[in-house]
1. What's the FRET efficiency of L64 with V34 using the Cβ-Cβ distance as r and R₀ = 35 Å, to the nearest 0.05?
2. Which of the DSSP-defined H helices in the chain satisfy a minimum axial length of 30 Å, computed from C-alpha atoms, and a minimum mean Kyte-Doolittle hydropathy of -0.5?
3. Over segment 10-49, what relative contact order in percent results from Cα pairs under 8 Å that are six or more residues apart?
4. Within segment 122-161, find all residues whose amide N lies under 17 Å from a label point positioned 7 Å from the Cα of T85 along Cα-to-beta-carbon.
5. Taking a virtual spin label 7 Å from the Cα of D131 along the C-beta vector, which residues in segment 90-109 bring their backbone nitrogen under 19 Å of it?
6. Among (1) 54, 41, 36; (2) 59, 31, 27; (3) 52, 32, 29, only one was calculated for this model; which label is it, if the read-out is Cα extents along the principal axes in Å?
7. For L26 and K162, what does the FRET efficiency come to when R0 = 45 Å and r is the distance between their Cβ atoms, rounded to the nearest 0.05?
8. On a 23 Å Cα-Cα criterion, which of the cross-link pairs K86/K142; K16/K76; K76/K105; K142/K162; K103/K142; K59/K151 come out too long?
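Every read-out reported here was derived from the displayed coordinates using simple, explicitly stated rules and does not represent laboratory data. These numbers were taken from a predicted model, which means no experiment stands behind them. Reconstructed Cβ throughout: ideal geometry from the backbone, glycine too, with neighbour counts over all protein chains shown.
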Amino acid sequence: MVIKFRKVSLGFLFLKTMALFVFWVLLSASFEWVHLVLGVICSLAVAWLNSGHSPFVPKLRVWLRFLFYLPWLFYKIFQSSFHLTKLILHPALPIDPKLFSVKSKLNHHAAVVLFGNSITLTPGTITAEVDRNNLIIHALDKALSEDIESKEMESKIAYIFKDETPDL
C-alpha cells in the first residue's frame, strides 16, 4: 500500500491553525500560558493532520459568500427550531417521519458536504447518507421535508461554489 501526500499550503495551514486556536480559546476560556501553549500545539496538530486530504483550498470569494450564507442558515435553524417546538408541544404530537432521497445538482465535493451538514444542523432533519451527490434525508414531518425538497438551500450553496471547478 502506497500512501501519497499532497503538498500542503503553509498559508492555509496557518489559517486553519489560527482558526482552531481561536476556537480553543473560546471554548477553554482560559488565558493561562499552559492552556494557550497546549491550544497552539493541539491546533497545529489537528490542522496538519487534516491538511493534504483534499486538493480544495477555498478562495477568498468562497469564504465571503459562505459568510453571507451563515445568517440565512441561522435563520433556517431558528425557523426549524420553532416549528419543531410546536410539533413537540402539540398534544397529538403530529409527527410524520419520512426518509427520502434528494438528487443534488451540486458538482463540487465541498458543496455537497456543506449541503449535508446544513441539513443536519437544521433541527428535525438529518442527512443519513451521502453518495456523491445523492443524499438520503430523514425529516420529522412533511413541512420539514418540503423545505429540503424546495431546493432553496441547495441553490444558495450552489451560488457559493459557482466559480469553482467541478470535481464530482
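1. 0.45
2. 60-89
3. 56 percent
4. 122-125
5. Of the residues in segment 90-109, 99-109 have backbone N under 19 Å from the label point off D131.
6. (1)
7. 0.90
8. Where the Cα-Cα span goes over 23 Å, the pairs concerned are K16/K76; K142/K162; K59/K151.
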